[in-house]
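The values are calculated or read from the model by the stated rules, or taken from the named source; none is laboratory data. Please read these numbers as outputs of a predicted model, since none were measured by experiment. Cβ placement follows ideal geometry from the backbone for every residue including glycine, while neighbour counts extend to all protein chains displayed.
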């Protein structure tokens with residue numbers, strides 16, 4: 001497993017070691033001991049989530065607040081997405097900065113998203129199955145979000161934003177400056 005730092009404090013890109021042969025491939029998608037050893041992070045994931053989306057679906061930018069903040073380890077099981085992480089931690093030197101990473105079923109790349117960051121993605125392939133490991137349970141009353149096209153953030157979604165498919169709920173999210181605190 002290879003670990004790479006990103007421009008966001010504590011946000012990490014992980015590339016697992018994949019073994020290919022004539023039968024296909026095998027890789028260890030998560031090993032708590034190796035994860036802690038390679039990242040220096042002691043995170044206990046307690047919930048796994050999965051979503052399936054069509055091309056052009058944009059989900060985000062979402063986060064959990066207060067005692068329900070979540071760290072996540074995300075990856076794509078099928079298809080390809082552009083993953084986006086936005087730092088909302090006011091005490092962080094990377095507050096307000098974002099990072100993007102292509103995740104696909106061909107590159108096997110994963111992103112560790114620390115607590116206090118918003119997250120979203122857009123589907124670049126015909127469909128995508130997205131997997132989230134979370135270190136805390138979801139709580140509806142603690143959800144927060146930021147509108148994906150906030151001009152102050154300057155996120156390049158690498159997609160025509162006039163053609164994205166966004167939920168009504170995500171269309172009504174506030175600008176970064178008006179977002180609920182984490």
- Message: Given the condition under 17 Å from the mean Cα position of the chain (by Cα), closer than 30 Å to residue 19 by Cα, in contact (Cβ under 8 Å) with a residue 40 or more places away in the chain and not in a loop (DSSP other than H, G, I, E, B), answer yes or no: does some residue in the range 134-150 qualify?
- Response: yes
- Task: Give the residues of the range 130-156 that are surrounded by 18 or more Cβ atoms within 10 Å (Cβ to Cβ) and farther than 19 Å from residue 49 by Cβ, sorted by residue number.
- Result: 146, 147, 148, 150, 153, 155
- Query: For residue 125, are the conditions met, namely being over 21 Å from residue 68 (Cα atoms), in contact with a helix residue (DSSP H, G or I) (Cβ under 8 Å, 6 or more places away or on another chain) and at pLDDT 95 or above?
  - Reply: no
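Could you look through the range 39-55, keep only residues that are touching a residue at least 12 places away in the same chain (Cβ under 8 Å) and outside any strand (DSSP E or B), and pick out the one that is farthest from residue 13 (Cα to Cα)?
Quick first cut of the range 39-55, residues touching a residue at least 12 places away in the same chain (Cβ under 8 Å) only: 39, 41, 43-55.
Okay, now just the ones that are also outside any strand (DSSP E or B), so 39, 41, 43-46, 55.
Details: 39: 10, 41: 13, 43: 15, 44: 18, 45: 17, 46: 20, 55: 24 Å.
Looking at the filtered set, the residue picked out is 55.
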- Query: Looking at the range 58-75, is at least one residue surrounded by fewer than 19 Cβ atoms within 10 Å (Cβ to Cβ), closer than 21 Å to residue 105 by Cα, out of contact with any helix residue (DSSP H, G or I) (no Cβ under 8 Å at 6 or more places or on another chain) and modelled with pLDDT of 95 or more?
  - Reply: no
- Picking from 105, 91, 87, which residue would you name as being touching a residue at least 12 places away in the same chain (Cβ under 8 Å) and more than 20 Å from residue 151 (Cα to Cα)? 105
